[in-house]
Every structure is written in C-alpha cells, then in structure tokens.
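The values are calculated or read from the model by the stated rules, or taken from the named source; none is laboratory data. Given the structure is predicted, the values throughout are model-derived calculations rather than measurements. Here Cβ is always computed from backbone atoms with ideal geometry, including for glycine, and neighbour counts include all displayed protein chains. The protein model used for the area step is the full one, side chains on, heavy atoms only, and it has no ligands, DNA or RNA in it. Shrake-Rupley method; radii C 1.70, N 1.55, O 1.52, S 1.80 Å.
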Amino acid sequence: MDTPFQTPSDLAAPGQEELELLGRVDIFEALPDALQQALAMRLMPRQLRAGELLFREGSEGDALYIIKKG
C-alpha cells in the first residue's frame, strides 16, 4: 500500500513505543499500519522542565504535539 509519506532511508525505524503512542491518539488510531509507521518515524521527542512553556495561547502553530506524560 502506498502512503502519502516517503520514508527517507536515513530515518530510524519507529520503535514499539512510538507506534503505541500514536495508537492511543484518537485521530491516528484508525490509520493503516503503514501510515502509522511513517508518522512514527517523524516523531521528535521533546522534554521540558517543570514550568517550561511549550507554546503560548494565540501563537502561530507549526507543529502538532502529543503529550505523553505530564
């Protein structure tokens, strides 16, 4: 099955943790496995310290954040 995402060979294969995370998000859970894998390869973990801002209300959006914990 072709997906609209091309998977560059320099990206690491997604781990089970990333795939499980996407599977727990309503908008991603119904996607075909191949598309979930392509998306999981593009996840970029970001860890914030307590009190650190991720974004401000009203700021222009340029990313989608999945809050794993906190």
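Assorted remarks:
- Of all the residues in the range 47-69, those that are in contact (Cβ under 8 Å) with a residue 12 or more places away in the chain and open to solvent by 100 Å² or more (accessible area, probe 1.4 Å) number 1.
- Candidates are the residues of the range 29-41 that are closer than 18 Å to GLU17 by Cβ and open to solvent by 80 Å² or more (accessible area, probe 1.4 Å); the one that is farthest from the chain's Cα centre (by Cα) is ASP33.
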